[in-house]
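In what follows, a structure is listed as structure tokens, so that the remarks can point back to it.
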Amino acid sequence: MNDLEIVKLFWKRDESAISESDKKYGKYLSYIAKNILASDSDSEECVNDTYSRAWGCIPPHKPTKLGAFLGKITRNLALDRYNAQRAQKRGGASAEVPLCELEAILSESEEESPIDSLLLKQAINSFLEGLDKEKRIIFLQRYWYFASIKEIAKNQGLSESNVKVILSRLRDKLKKHLEKEGIRV
């Protein structure tokens, strides 16, 4: 079943929309959640929460790329759960390392306005557009999907040390790009 057909099921309030979404995207969503949470049970709950959230969002939303829509919901839910676990001083450190790697570049300001967030998003998107395909994939695997260095190396057919060097150089390039765009780092 394609995305448009599944979205139509959501709009009709047909519960089979959830099972069809799970058939098509369940493994993908579990991958995202597990990379962040490092727990099968927490990941499973997060994926279930994703379907519940999608049920409440569609309608009014009518996503054309259902996988990306569900993936973003899963990622946000997993990060929220991760932060809650971290605040309670329990849970694994699966997302800790990638977040720390970018922390020096992307400082979070409590006073950040929606305009600042939009400018940062646009600057990061333009940075990613300027990368060749391999480097963009490596960057996204690490900082969007929270894949381990070992997993990225395996997926890209590179050594772990090569991936570490590439990521280090990409972080440096991102920092320079953000500074050039006038974003405080």
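Tabulated data
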item: Residue match in the range 75-98 (condition: closer than 30 Å to E5 by Cα, assigned to a helix (DSSP H, G or I), touching a Cys at 6+ places or on another chain (Cβ under 8 Å) and modelled with pLDDT of 90 or more); result: yes
item: Subset of the range 126-150 that is more than 23 Å from G182 (Cβ to Cβ) and among the aliphatic types (A, V, I, L, M) - its residue that is surrounded by the most Cβ atoms within 10 Å (Cβ to Cβ); result: I138
item: Qualifying residue in the range 3-20 (condition: touching a residue at least 12 places away in the same chain (Cβ under 8 Å), basic (K, R) and either part of a helix (DSSP H, G or I) or surrounded by 18 or more Cβ atoms within 10 Å (Cβ to Cβ) (or both)); result: no
item: Candidates E112, E103, E108, E160 - the one that is at pLDDT 90 or above and not assigned by TED's automatic domain parsing to the domain that holds S39; result: E160
item: First in the range 31-42 and closer than 13 Å to Y145 by Cβ, second anywhere and hydrophobic (A, V, I, L, M, F, W, C) and in a loop (DSSP other than H, G, I, E, B), Cβ under 7 Å, 6 or more apart; result: N35/F146; N35/A147; I36/A95; I36/F146
item: Matching option when the condition is modelled with pLDDT of 95 or more, part of a helix (DSSP H, G or I) and surrounded by 16 or more Cβ atoms within 10 Å (Cβ to Cβ), among A153, A123; result: A153
item: In the range 129-185, the residues that are aliphatic (A, V, I, L, M), in contact (Cβ under 8 Å) with a residue 60 or more places away in the chain and closer than 17 Å to I105 by Cβ; result: L167, L174, L178, I183, V185
item: Test: residue in the range 170-184 that is surrounded by fewer than 19 Cβ atoms within 10 Å (Cβ to Cβ), part of a loop (DSSP other than H, G, I, E, B) and among the β-branched types (V, I, T); result: yes
item: Long-range neighbours under 9 Å by Cβ, at least six apart or interchain, first residue over 26 Å from Y143 (Cα atoms) within the range 56-73, second of a type in the set (V, I, T) and surrounded by 14 or more Cβ atoms within 10 Å (Cβ to Cβ); result: I58/V7; H61/V7; K62/V7
item: Candidates G56, G71, filtered to the one that is small (G, A, S), part of a helix (DSSP H, G or I) and either in contact with a Gly (Cβ under 8 Å, 6 or more places away or on another chain) or farther than 22 Å from P98 by Cβ (or both); result: G56
item: Within the range 135-150, tally of residues that are at pLDDT below 95, part of a helix (DSSP H, G or I) and of a type in the set (A, V, I, L, M); result: 2
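The values are calculated or read from the model by the stated rules, or taken from the named source; none is laboratory data. Not measured: the values here are computed from a predicted model. Methodologically, a virtual Cβ is constructed for each residue, glycine included, from the backbone with ideal geometry; neighbour enumeration extends over all protein chains shown.
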